[in-house]
């Protein structure tokens, strides 16, 4: 991993599933961020993980956190995916320049042209506090997120 825990998280701007620009810096001083990179909308493991996050959203909001989920899918695909699955948090498109943010976080898979399955917890000050990366077919453990977020305040 090129990024180190305790260092500032790389800032970025990406469009969400509604075409709205989302800046990581907008959360500074306000909320912790669970930055969730996932390979592909509509795939089995990704759909399962994002629906689990959807169903557990209060675990994040109660800890003063928001979820920003990032894939290299186009914004239009993310809109259909969010609508179909009832996902209310931001799905961010790292489509163009292709994988730029995934690359900045060291999780872009050049061979497959997608982001890896990785999560970064960023505190209110914009500092990386935790990181996990799983193999593409392996889902992440939501309890890990809960523990890290509970330890931040």
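Computed from the coordinates by the stated procedures, all read-outs in this text should not be read as laboratory data. Nothing here was measured: the structure is a model prediction, and the numbers come from that model. Neighbour counts are summed over all protein chains in view; Cβ atoms, including those assigned to glycine, are modelled from backbone coordinates with ideal geometry.
Using DSSP, restrict attention to beta bridges with both residues in region 1-71 and report what percent are antiparallel, rounded to the nearest 5.
Antiparallel bridges make up about 35 percent of those DSSP assigns within region 1-71.
Considering Cα pairs under 8 angstrom that are at least six residues apart, work out the relative contact order of region 13-152 and quote it in whole percent. Walk me through the numbers on the way to the answer.
Details: 252 pairs, mean separation 42.6, N = 140.
30 percent.
Gain in length, residue 11 to residue 144, computed as 0.36 nm per residue apart minus the alpha-carbon separation, to one decimal in nm?
Here the answer is 45.5 nm.
Using a Förster distance of 22 Å, how high is the FRET efficiency between residue 136 and residue 42, based on the Cβ-Cβ distance and rounded to 0.05?
For R0 = 22 Å, the calculated efficiency reads 0.90.
In nm, to one decimal, how far is the modelled label at residue 98 from the one at residue 111, with both set 7 Å along Cα→Cβ?
Computed distance between label sites residue 98 and residue 111 equals 1.7 nm.
Quickly work out the residue 52-to-residue 83 label distance, labels modelled 7 Å from Cα along the C-beta direction, and quote it in nm with one decimal.
Between residue 83 and residue 52, the label points sit 2.8 nm apart.
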